[in-house]
Amino acid sequence: MKETIQKENSLLYQSKQTTENDFLKKQLEAIAIIKMQEQDILLLQKSNEETEALMQAGLPGVNDLKLKLLEANNTIARIKGQMELREKAAKKSPDQ
């Protein structure tokens, strides 16, 4: 009886360790994503400030080009996001 309880306790401890390691890994991934998003936000703010300055300077053609570039970047980001979701789904399906 004592040996059985020790084995169960050992298995539970290993399961706890695995869960904690998975959590830490996901937490680090989330932190990396947040940092990248913060950098992207700063770049967008800078671009918006530059665009506003150009608009005030009377260069609307540049603004049109920047808007097209922004739309293209949004499309790329959307496609990348969809690809990441598909990759995550593909990784999960063989394990289940």
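The values are calculated or read from the model by the stated rules, or taken from the named source; none is laboratory data. All figures in this text were calculated on a predicted structure; none of them were measured in a lab. With ideal geometry, Cβ positions are generated from the backbone for all residues, glycine too; neighbour counts draw on all protein chains shown.
List of remarks:
- Test: residue in region 61-72 that is touching a Ser or Thr at 6+ places or on another chain (Cβ under 9 Å), surrounded by 10 or more Cβ atoms within 10 Å (Cβ to Cβ), without any contact (Cβ under 8 Å) to a residue 60 or more places away in the chain and among the β-branched types (V, I, T): yes
- One residue from I5, I34 being within 20 Å of the chain's Cα centre (by Cα) and either of a type outside the set (S, T, N, Q) or at pLDDT below 85 (or both): I34
- In this structure, L69 does satisfy being assigned by TED's automatic domain parsing to the domain that holds G81 and within 20 Å of G81 (Cβ to Cβ).
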